[in-house]
Structure formats: structure tokens, C-alpha cells
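The values are calculated or read from the model by the stated rules, or taken from the named source; none is laboratory data. These figures come from a predicted structure and were not determined experimentally. Here the Cβ positions follow ideal geometry from the backbone for every residue, glycine too, while neighbour counts run over all protein chains shown. These accessible areas exclude ligands, DNA and RNA; they are computed on the full protein's heavy atoms, side chains included. Shrake-Rupley method; radii C 1.70, N 1.55, O 1.52, S 1.80 Å.
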Amino acid sequence: YRPDIPHSSFDIHHIAALLLLNLAAPQAFVTLCNLLNRPLPLSFLIHDQNAIHAAYSTTLHVLSKKAPSLAQRLGALRVEPRDYLFHTLGSLFCGRLGVEHAARIMDIYTIEGDKNVPRAAVAILSTLEGSCMEGDAAQVAKTLQEKKIDLDVDDFMTKVFEAGKSS
């Protein structure tokens, strides 16, 4: 369908798997195509560095407002956003979150679009904030990449919506 997008990207597989849990194959394919043609996921799939940097910047800006101590810690350790956000954002959270959490994020993403992505990323980061206050840069990056989000899905979604509110 899109020769400029590597079909071997694992990020696509995570998104497709979530869609196939809820839709028949033809509808899942059409939905996947529509999602991947949106600016943010497309930028990660074709490695558009300017757009990726803009997504990181927006996320870090929201993080500095919602969890300033975590933002300062990440800055002090020089943990790069690509180390913990690339696959999370590139898979539209499907590769990072459990099925229920990812499905809820996908529901609001299909309606609200790219503006929801930094909110969801900040919800994940702020949920893991306590675990990130100790350790070196590598340990913090690993925590942000891999630690399971144990928060109830409704509580997590409350964090997502809170991240979008102005302070």
C-alpha cells in the first residue's frame, strides 16, 4: 500500500494487532491505513526527524508543566526522548501499553487525533515518575521504556485527560 513505509516495522504490527482484536481484517486494514496517514504516526514510520523532534518537544513541554520534577530529572540525567518515546509514540502506544490501556488510547486518538499523543505520553511518564527518581540515565530510560503501567485503565485515562488541562 505504501512503499515508503517499511512493512517490517514492528510498530505497525502492534497497531494492526490491536485493530484486529476489534475489527474484521478488511476494516482493520482500512483503519490502519487511515491511522498511518495521519501526520504523527507517518512521521515516525518514515523517520521524519523534524516532525519527530516536534513531537518530543511538545511532549517534554507538557511534561515540564505537569511533572516538573521528572522533567528536571530527565534533563539532568540527559536521558534523550528518543530513548523512551520513539517506540511508544511510533506504535501509538500499542507497543508500550497493555491491550486495555492501548485500546482506550486508540479510541480517543481516532477522534481527537495527534493532540492526544503528548497527553498520553505524559500520563505514562508521570505514572512512572516515582520509579525514575533513583538510578542512572540507562536505568531511568529502561524504566520509561519497559515498566508495566499497573494503574487501573479508568485512572490512567483520568491522567491522560488531566495532562490536557491547562494549569
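What helices in the chain pass both tests, a Cα length along the helix axis of 18 Å or more and a mean Kyte hydropathy of 0.5 or higher, using whole DSSP H runs? Don't skip to the answer; put the middle values down first.
On the way: long enough: 10-22 (19 Å, 1.32); 49-66 (25 Å, -0.21); 99-112 (19 Å, 0.21).
Taking the DSSP H segments of the chain (at least 18 Å long, mean hydropathy at least 0.5), we get 10-22.
Considering all different alpha carbon pairs of the chain, the Kirkwood hydrodynamic radius works out to 16.2 Å. Against the criterion of solvent-accessible heavy-atom surface with a 1.4 angstrom probe, Asp150, Asp107, Asp114, Asp11 sort, most first, into Asp150, Asp107, Asp114, Asp11.
Put a plus charge on the Cβ of each Lys and Arg, a minus charge on the Cβ of each Asp and Glu, and nothing anywhere else: the dipole of region 62-137 about its Cα centre is then about 200 debye.
Can you tell me which of 99-106, 118-125 comes out highest on packing, and rank the rest after it, using the mean Cβ neighbours within 10 Å? Write out the running numbers ahead of the final one.
Working: 99-106: 19.4, 118-125: 26.5.
Final packing ranking: 118-125, 99-106.
The residues of the chain expose on average 52 square angstrom of accessible surface per residue, using a 1.4 Å probe on protein heavy atoms. Peptide packing for 51-64, 130-143 was compared via the average number of neighbouring C-beta atoms within 10 Å per residue; ordered from the highest value, the list is 51-64, 130-143. For region 91-167, the Cα gyration tensor yields ellipsoid semi-axes of 22, 14, 11 Å (square root of five times each eigenvalue, largest first, whole Å). Protein-only accessible surface at a 1.4 angstrom probe places the residues Glu146, Glu162, Glu129 in the order Glu146, Glu162, Glu129, largest first.
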